[in-house]
Amino acid sequence: GGEYWDIDKYKFIVVCNVRGFKIGILVERITSMHNVTQENLEWNIETQLGASGVVMGLIKKQDKLIGIMDLNILVKRILND
């Protein structure tokens, strides 16, 4: 059987341009938005860790680490490209 989606729980659509496509990502909630300086960003974190997921960087905010997703990789995986 297929999965059941409760479409009513999604309140936001985040629209992105990825690989020539306009993609809308359904989001249940946005907990916070961050305005950070370059010194609080760490890029290419997966290369440094030897990982192969979708995290392309980290935001260092006080005592938290916030992952930055690479939408190109995410779309590639969805399309089985």
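Bear in mind these aren't lab numbers, they're just calculated from the coordinates by the rules spelled out. Keep in mind that what you see is a predicted model, and the values were worked out from it rather than measured. When we count neighbours, we look across all protein chains shown, and the Cβ atoms used for this are built from the backbone with ideal geometry, even at glycine.
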Protection proxy ranking of 65-76, 28-39 - average other beta-carbon atoms within 10 Å, highest first: 65-76, 28-39
Pull up all non-local amide H partners of M56: gap of 5 or more, or a different chain, and H-to-H distance under 5 Å with H placed in the peptide plane. I68, M69, D70
